[in-house]
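Scroll down for the structure; my scribbles are underneath it.
The values are calculated or read from the model by the stated rules, or taken from the named source; none is laboratory data. Quantities reported herein were computed from a predicted structural model and do not represent experimental measurements. Note that we place each Cβ from the backbone using ideal geometry, even for glycine, and neighbour counts take in every protein chain shown.
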């Protein structure tokens with residue numbers, strides 16, 4: 001297998017996202033008390049919340065086993081992403097972004113789980129009494145990577161259907 005010559009650049013992007021995530025969480029932990037909330041705009045607040053579950057607090061409070069489940073999942077998927085980045089064709093930039101975004105986010109939340117047993121969330125978007133679950137930069141990176149991956153799959157599927165009709 002030929003290794004992608006851009007592997008270093010893609011890993012650097014993932015590490016940059018990881019670093020920004022960890023720096024932002026460090027700031028939150030040193031500046032805000034647990035469960036403190038600072039309203040910035042009528043629809044946006046800084047908070048310091050801890051989530052021992054996954055997205056939307058899935059499996060939060062499940063007794064502790066979920067920590068190691070999510071750690072194993074993140075380690076396994078991160079290894080898969082590095083493998084995919086290494087074998088990615090040199091000219092395949094979009095999937096490089098996809099894998100790097102997801103990898104950076106996965107490493108950020110993995111680090112939280114390993115060090116703390118929970119993920120630090122600090123971005124809260126709300127409208128009146130309606131709240132979107134708090135999240136962090138790692139979650140944003142994961143979401144953007146996953147959304148881009150879905151768009152790529154839809155475009156590839158549509159392109160394949162177009163080619164089959166011709």
Looking across segment 5-46 at residues that are over 15 Å from residue 109 (Cβ atoms) and touching a helix residue (DSSP H, G or I) at 6+ places or on another chain (Cβ under 6 Å), the single one that is surrounded by the most Cβ atoms within 10 Å (Cβ to Cβ) is 10
Answer yes if at least one residue in segment 87-96 is within 26 Å of residue 25 (Cα to Cα), in a helix (DSSP H, G or I) and in contact with a helix residue (DSSP H, G or I) (Cβ under 6 Å, 6 or more places away or on another chain), and no otherwise.
yes
- Task: Might you check whether a residue that is modelled with pLDDT under 95, within 14 Å of the chain's Cα centre (by Cα), outside any strand (DSSP E or B) and loosely packed, with under 14 Cβ neighbours inside 10 Å occurs anywhere in segment 56-70?
- Result: yes
_modelled with pLDDT of 95 or more, part of a helix (DSSP H, G or I) and either in contact with a strand residue (DSSP E or B) (Cβ under 8 Å, 6 or more places away or on another chain) or at positive phi (or both): is that true of residue 138 in this structure?_
yes
Of (1) touching a helix residue (DSSP H, G or I) at 6+ places or on another chain (Cβ under 8 Å); (2) modelled with pLDDT of 95 or more; (3) surrounded by 15 or more Cβ atoms within 10 Å (Cβ to Cβ); (4) within 25 Å of residue 26 (Cβ to Cβ), residue 75 satisfies every one except (3)
